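Bear in mind these aren't lab numbers, they're just calculated from the coordinates by the rules spelled out. Source: prediction; values computed, not measured. Every residue, glycine among them, receives a Cβ derived from its backbone with ideal geometry; neighbour counts consider all protein chains shown.
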Amino acid sequence: MTVAPVDPARVEVGDIVLAKVAGTIYLHLVSAVDPTGRVQISNNRGRVNGWTNHARVYGICIAVDGADRPRIDGKLRDQP
């Protein structure tokens, strides 16, 4: 799995993001987006884990086993 820095404001439903929850960083599926700056995170079995703010979203999964994930264009954070 390959993860890259993300612009949290560009995250969409269906993206897999690296987010901090209760002090631990996990990969989560984005199940909803709130325009106030939050994303709802769920697991891959359909359980909703809750909401987290953009400051706790660090990365986005861009590939799994060498296969690129869809809809990544424009979501990566600019690197210096």
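Of ILE25, ILE16, ILE72, ILE41, the sequence from fewest to most neighbouring Cβ atoms within 10 angstrom is ILE25, ILE72, ILE16, ILE41. Under the convention that each Lys and Arg Cβ holds +1 and each Asp and Glu Cβ holds -1, the size of the dipole of the chain around its Cα centre is about 280 debye.
Along the axis of the charge dipole computed for the chain (Cβ charges of +1 for Lys and Arg, -1 for Asp and Glu, origin at the Cα centre), the listed residues ALA32, MET1, LEU76 are led at the positive end by ALA32. Pick out which of GLY66, GLY50, GLY14 has the largest mean-square fluctuation in a Gaussian network model of the chain, springs linking Cα atoms closer than 10 Å. Maximum fluctuation in the GNM of the chain, among the listed residues, is at GLY66.
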